[in-house]
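Undergrad: Take a look at the following structure, please.
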Amino acid sequence: MISIEHAKQMAKRLRTVLEARGQEVTHSTALELVAQQLGYKNWNTASALLPQETTPNAITFESPIPIVRMFDEAKAREFYLDFLGFHVEFEHRFEAGMPLYLGISRNGLNIHLSEHHGDASPGTTIFVPMHNIELLRDELLSRQYGYGRPDIVQQGWGKILEVHDPFGNRIRFCED
């Protein structure tokens, strides 16, 4: 995976190659060009989303996995699997008839759903930065989900597509 440091090195090499060809560019311009080549809107976005390089024995964190409360397994599967297009990573019950703990994922987004009292509170909001929000909206609308037809709302800083699950939780898909 490309890190911020790797992207900066790419920008430095780009400047060197362009200067050798008589095309002088600033470091800032080279960073912007590299960010666009990597699929980001600009360098600010790339530097916010690209991982930092870590040193050995450093404290590091991975992407958090939100735990969302659910109360009805069938409704949860209808919403998260059938409508949103997630797939099941794992299912866990301590024994038959006990609450379900369900791990789901889609394209790098992981969510855990839990029937366990105390794991999470209903009314949670998950903020999900993403790319190609229009494609997601079109996909969701094509599924004709009976309890929602989400649409994109343009904000001053970007686009939001918000969906509400049957348990009062929200997922805000966002693209800047």
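The values are calculated or read from the model by the stated rules, or taken from the named source; none is laboratory data. As the structure is a computational prediction, the values presented were derived from the model and not from experiment. Methodologically, a virtual Cβ is constructed for each residue, glycine included, from the backbone with ideal geometry; neighbour enumeration extends over all protein chains shown.
Undergrad: Considering only residues that are surrounded by 14 or more Cβ atoms within 10 Å (Cβ to Cβ) and assigned to a loop (DSSP other than H, G, I, E, B), which ones fall in the stretch 35-62?
TA: Passing the criteria: Leu38, Tyr40, Lys41, Leu50, Pro51.
Undergrad: Now for a different question. Quick one: in the stretch 73-95, of everything that is of a type in the set (Phe, Trp, Tyr) and surrounded by 14 or more Cβ atoms within 10 Å (Cβ to Cβ), which residue is nearest to the chain's Cα centre (by Cα)?
TA: The extreme case among them is Phe86.
Undergrad: Follow-up question, since we're still on this one. From the residues in the stretch 53-72 that are farther than 30 Å from Gly146 by Cβ and of a type in the set (Asp, Glu), which one is farthest from the chain's Cα centre (by Cα)?
TA: Glu53
Undergrad: Are any residues in the stretch 6-51 of a type in the set (S, T, N, Q) and in contact with a helix residue (DSSP H, G or I) (Cβ under 6 Å, 6 or more places away or on another chain), and if so, which ones?
TA: Asn42, Ser47
Undergrad: Just one of Gly123, Gly97, Gly85 is modelled with pLDDT under 95, of a type in the set (Gly, Ala, Ser) and either in contact with a Lys or Arg (Cβ under 9 Å, 6 or more places away or on another chain) or closer than 13 Å to Pro166 by Cα (or both); which is it?
TA: Gly123
Undergrad: Now, a different point. Among the residues that make up the stretch 111-124, is at least one of them of a type in the set (D, E, K, R), under 21 Å from the mean Cα position of the chain (by Cα) and not assigned by TED's automatic domain parsing to the domain that holds Asn44?
TA: no
Undergrad: Inside the stretch 139-148, can you point out the residues that are out of contact with any Lys or Arg (no Cβ under 7 Å at 6 or more places or on another chain) and surrounded by 12 or more Cβ atoms within 10 Å (Cβ to Cβ)?
TA: Within the stretch 139-148, Glu139, Leu140, Arg143, Tyr145, Tyr147, Gly148 qualify.
Undergrad: Does any residue of the stretch 147-156 turn out to be within 15 Å of the chain's Cα centre (by Cα) and over 15 Å from Gly85 (Cα atoms)?
TA: no
Undergrad: Which residue out of Ile65, Ile104 is surrounded by 15 or more Cβ atoms within 10 Å (Cβ to Cβ) and either touching a residue at least 24 places away in the same chain (Cβ under 8 Å) or part of a helix (DSSP H, G or I) (or both)?
TA: Checking each option against the conditions leaves just Ile104.
Undergrad: Restricting to the stretch 111-125, give me the number of residues that are buried (at least 16 other Cβ atoms within 10 Å of the Cβ) and either among the aromatic types (Phe, Trp, Tyr) or not in a loop (DSSP other than H, G, I, E, B) (or both).
TA: Number of matching residues: 4.
Undergrad: Of these, Phe86, Phe94, which one is touching a strand residue (DSSP E or B) at 6+ places or on another chain (Cβ under 8 Å), assigned by TED's automatic domain parsing to the domain that holds Arg170 and among the aromatic types (Phe, Trp, Tyr)?
TA: Phe86
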